[in-house]
Amino acid sequence: MYDMFLVFLVCIATTVLSFILTYVYKIVAVKLNFVDVPEARRVHSKVMPTMGGIAVFIAYYLSLFVLLPIPDEQLLPVFIGSLVVLLTGIIDDRKNLTPILKVLGILVGALLVYFYGDISLETMTLPIVGTLEFGSWSLPFTLLWILGFTNAVNLIDGLDGLASGVSMIALTTMGVIGFIFLTIQEVSVSIMIFVLVAAIAGFWPFNFQPASVFLGDTGALFIGFMIGIFSLQGLKNATLISLVLPVVILGIPVTDTLFAMIRRKMNRQSISVADKNHIHHRLMSLGLSHRQTVMAIYLVSLIFSIIALLYNFSTLWGSILLTIFVLIGVELFVEIIGLVGSDRRPLLKALRQFGNQLNKKKPDDK
């Protein structure tokens, strides 16, 4: 078992270490020309140090390897896989990799944790149906799961402090839920999660608006990859709810990714094409400032996290009702901000027509 007071001290030390490393890194980054130059798709208007995820990565693994007794068989495959993803992000930030090459780097990291870290999904227990064996589908499902979460976090990294803040909220929720299961494996995973939150927390003051350093794809891919594998660790024999929870916790990135794909498909564009119609872009187009947009998304992320916690205390029917309300709420949110398009609001249109019908049926006032 772990001494939780020691874990708390390690988290504090990790935050301080990350803060110091980030401060030093942003000075070095300018000297080495590791900078992000403004362009049409960017929100920022000046040259900015980037690849700050390097500082988060170093602080995180220094703490795990030196300060905590995490078993090597659990830590090493994760370290090697995430290192591959970090290097993919570094190359992408420096050379602008094609989407295919970026995906390939993420998949290599995912393959490493699948085969050497024993992180996979093998069975799933469904109500009434029973247990389903994934068999040969375990590998592709695991790879797609990790790839999806990695890209989802990378996709929302469009405003100062957005990806780092949303990731801290999501990871904290995952860590708390991990303790509910009360097994040694989940507790150790939760500890690794909390240390990552601490590493991001040390970086966050430099990243929040107005930022002095960016995560870059280097940091966003690394954090997204870690969220993907953490959400799978301990889920060899999953239930439907245990699979739903990470999707709900990452509600904002998942929603942004899903509806970006839908939007581009409906506009007959490649799903890899970049645009300025993501959630943060749409909120800013409604009149919110940069900081207000980030804080609004933090709030929505917190709501998703609370909903995820409620799943753990719900009955089957309660979970079904909760899921229905979540889906309706997400669709309303998407249509209100025009995430797919200002002319594509079927639910709002149906509600408006229903309201008009009710008004027609009201008797005239005498």
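Structure values in brief
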quantity: GNM result for the chain, Cα springs below 10 Å: residue of 196, 283, 347 fluctuating most strongly; calculated: 347
quantity: Proportion of all alpha-carbon pairs of the range 34-123 beyond 20 Å (%); calculated: 50
quantity: 5 angstrom amide H check on residue 36, placed H, neighbours 5+ away; calculated: 48, 50
quantity: Proxy reagent accessibility, fewest Cβ within 10 Å first, across 164, 314, 319; calculated: 314, 319, 164
quantity: Diffusion coefficient, µm² s⁻¹, Stokes-Einstein with Kirkwood Rh over alpha-carbon pairs of the range 1-158 at 4 °C and 1.567 mPa s; calculated: 71
quantity: Likely footprinting exposure, 275, 217, fewest C-beta neighbours within 10 Å first; calculated: 275, 217
quantity: Paired Rg and Dmax values of the range 244-316, which use every Cα atom, in angstrom; calculated: 14.7, 42
quantity: Volume of the Cα convex hull of the chain, divided per residue and given in Å³; calculated: 171
quantity: Beta bridges by DSSP in the chain, antiparallel share as percent, to the nearest 5; calculated: 65
quantity: Computed over the range 81-235, Kirkwood Rh from alpha-carbon pairs, angstrom; calculated: 16.2
quantity: Dimensionless Rg ratio for the range 191-277, taking C-alpha atoms and the 2.2 N^0.38 Å reference; calculated: 1.33
quantity: Sum of side-chain charges, residue 79 neighbourhood, beta-carbon under 15 Å (Lys, Arg +1; Asp, Glu -1); calculated: -3
quantity: Kyte-Doolittle mean at least 0.5, axial Cα span of 15 Å or more - DSSP H helices of the chain; calculated: 4-31, 72-95, 99-116, 138-155, 162-180, 184-207, 216-232, 290-311, 316-337
quantity: Rule-of-thumb Rg ratio for the range 107-171 [Cα; 2.2 N^0.38 Å; N residues]; calculated: 1.42
quantity: Radius 12 Å from Cβ of residue 33, net charge of other residues (Lys, Arg +1; Asp, Glu -1); calculated: 0
quantity: Whole-Å distance, taken between Cα centres, linking the range 76-93 and the range 275-308; calculated: 28
quantity: Rg over Rh, two decimals, the range 211-366 (C-alpha only, Kirkwood Rh); calculated: 1.04
quantity: Mean ellipticity per residue at 222 nm, deg cm²/dmol - from DSSP H runs of n ≥ 4 across the chain, formula -39500 (n - 2.57); calculated: -23000 deg cm²/dmol
quantity: Relative exposure of 91, 223, 54, judged by other C-beta atoms within 10 Å (fewest first); calculated: 91, 54, 223
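Every number in this text was worked out from the coordinates using simple rules, so none of it is lab data. The structure presented is a predicted model; accordingly, all values stated were derived computationally and were not measured. Here the Cβ is made from the backbone with ideal geometry for all residues, glycine too, and neighbour counts use every protein chain on show.
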